[in-house]
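**Q** After the structure tokens below, expect a handful of questions from me.
The values are calculated or read from the model by the stated rules, or taken from the named source; none is laboratory data. All values derive from a computational prediction rather than experimental measurement. Note that we place each Cβ from the backbone using ideal geometry, even for glycine, and neighbour counts take in every protein chain shown. Quick note on the areas: whole protein, heavy atoms, side chains included, nothing else; ligands and nucleic acids left out. Shrake-Rupley method; radii C 1.70, N 1.55, O 1.52, S 1.80 Å.
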Amino acid sequence: MSNAFYYAKTPRGNTRTVSITSGKGGVGKTTTVANLAYCLGALGKKTLILDGDLGMANVDIMFGLRAQHSIHDVLNGKMNLEEVIVPVSPNVDLIPGGSGVYGLHNLSFAQKQVLLDQVGQLDEEYDFMLIDTAPGIDDNVLYLNAAAQEILVLVTPEPSSLTDAYAIIKVLNQKHQETRFSILCNQVKDEQEAMRVYQRLSDVADQFLCVSLDYRGYIPADLNLRQATRSQQLVSMRNSDSPSSQKYLQLAEKLSLPSDLVELKGSIQFFWEQLSGVA
Ligand SMILES: Nc1ncnc2c1ncn2[C@@H]1O[C@H](COP(=O)(O)OP(=O)(O)OP(=O)(O)O)[C@@H](O)[C@H]1O
Ligand SMILES: [Mg+2]
């Protein structure tokens, strides 16, 4: 049996991997990743964020800092993975990624093995890995999503957001055989509007695709959040009573419940194996 086969079929470790995606840009992916990670950390869950946005790696900025190194330095052989990981809030660490994440495919098999060995050690350490993705539906975005256990699709009431959410669900289904997606409605007025948005997406998906969409909840449009972002702070940290902070915390609590998605795909190591093409 080749190593590649062994890696592809053997899920290990306990880390839950969740990608946050939307098709459309500017709907709140990075904001969601950062606040959700913060709340998971506050609940005592060790959380690792992978910044997978090729163009605008900016998760670090959300936490009010600027990372000095990125996964680039690991792929160049200059640093170990654990040396580029930065703590950003209690129980939360970040792998500054940016364009480096996509260099994975070009590594030699030996280089990939070195990286995967390092990643294997992370599985013991983290309860969650959240992956921020770039806008759009190019191959890089698709790979990141297809490698994660749970794909959380963000959608807002804007018609173009619905169209783009549908597009990414469709292409992940057709190209990567993904059949299950979680839906989070962002920037809505209230639960009723969230349900309407979810229902519209779900109706179209039911009509044309063979997928199931699980409603994960909603985050209200919140002025406090905008103000916090402007001052490079997390709303969950700065104003934990605000409507959006409460919903981020609820989402973190929901995610912390056991999920059957964990059994379907592997863990952190599985994620990196998929990404690097070892699997
Ligand atoms: N629930 C919300 N209420 C109010 N404003 C929000 C909310 N969610 C996100 N925003 C605002 O929307 C803007 C875009 O957010 P963000 O950068 O997180 O989006 P993104 O999907 O990561 O964008 P990109 O696709 O460019 O990476 C930010 O100014 C953010 O403050
Ligand atoms: Mg972003």
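**Q** Can you tell me the accessible area per residue over the chain, all protein chains present, probe 1.4 angstrom, in square angstrom?
**A** Ligands and nucleic acids excluded, the figure is 43 Å² per residue.
**Q** So, one more: Taking H as built 1.01 Å from N, whose amide H comes closer than 5 Å to the amide H of residue 50, not counting residues under 5 places away?
**A** 95, 130, 131, 132
**Q** What residues qualify as long-range amide H neighbours of residue 183, i.e. H under 5 Å apart, gap of 5 or more or another chain, H built at 1.01 Å from N?
**A** Answer set, sorted by chain and number: 153, 214, 215, 216.
**Q** Name the residues whose placed amide hydrogens come within less than 5 Å of the amide hydrogen of residue 267, ignoring near sequence neighbours (fewer than 5 apart) on the same chain.
**A** The list, which skips near neighbours in sequence, is 12.
**Q** Rank by packing, highest mean first: peptides 115-122, 39-46, 152-159, with packing defined as the count of other Cβ atoms within 10 Å averaged across residues.
**A** So the peptides 115-122, 39-46, 152-159, ranked by packing, come out 152-159, 39-46, 115-122.
**Q** Please report, as a whole percent, how much of the solvent-accessible surface of the chain comes from carbon and sulfur atoms (probe radius 1.4 Å).
**A** Solvent-exposed carbon and sulfur of the chain make up 49 percent of the total.
**Q** Filter 29/247; 29/112; 78/112; 46/112 down to the pairs with a C-alpha to C-alpha distance above 20 Å, please.
**A** On the way: 29/247 15 Å; 29/112 28 Å; 78/112 14 Å; 46/112 25 Å.
Beyond 20 Å: 29/112; 46/112.
**Q** So what are the ³J(HN,Hα) numbers for segment 196-201, from phi and the Karplus equation (6.51, -1.76, 1.60; θ = phi - 60°), rounded to whole Hz, Gly and Pro as x?
**A** With coefficients 6.51, -1.76 and 1.60, one gets 5, 5, 4, 4, 5, 5 Hz.
**Q** Magnitude of the Cβ-charge dipole of the chain, K/R +1 and D/E -1, about the Cα centre, nearest 20 debye?
**A** 280
**Q** Just order 195-205, 246-256, 223-233 by mean Cβ neighbour count inside 10 Å, highest at the front, would you?
**A** The packing order, highest mean first, is 246-256, 195-205, 223-233.
**Q** Over the chain, what relative contact order in percent results from Cα pairs under 8 Å that are six or more residues apart?
**A** Numbers: 548 pairs, mean separation 83.2, N = 279.
Relative CO of the chain lands at 30 percent.
**Q** Is the shape of segment 3-276 best called rounded, prolate or oblate, per the rule: a/c under 1.5 gives rounded, else a/b larger than b/c gives prolate, else oblate, with a ≥ b ≥ c the square roots of the Cα gyration tensor eigenvalues?
**A** oblate
**Q** If you don't mind, another one. Counting each DSSP H run of 4 or more residues in the chain as -39500 (n - 2.57), what helix-only mean residue ellipticity at 222 nm follows after dividing by all residues, to the nearest 500 deg cm²/dmol? All intermediate terms of the calculation are to be shown ahead of the outcome.
**A** On the way: 14 runs with 133 residues, N = 279.
Helix-only estimate at 222 nm: -13500 deg cm²/dmol.
**Q** Count the net charge of all other residues whose Cβ sits under 11 Å from the Cβ of residue 141, scoring Lys and Arg as +1 and Asp and Glu as -1.
**A** Taking every Cβ under 11 Å from that of residue 141, the sum is -3.
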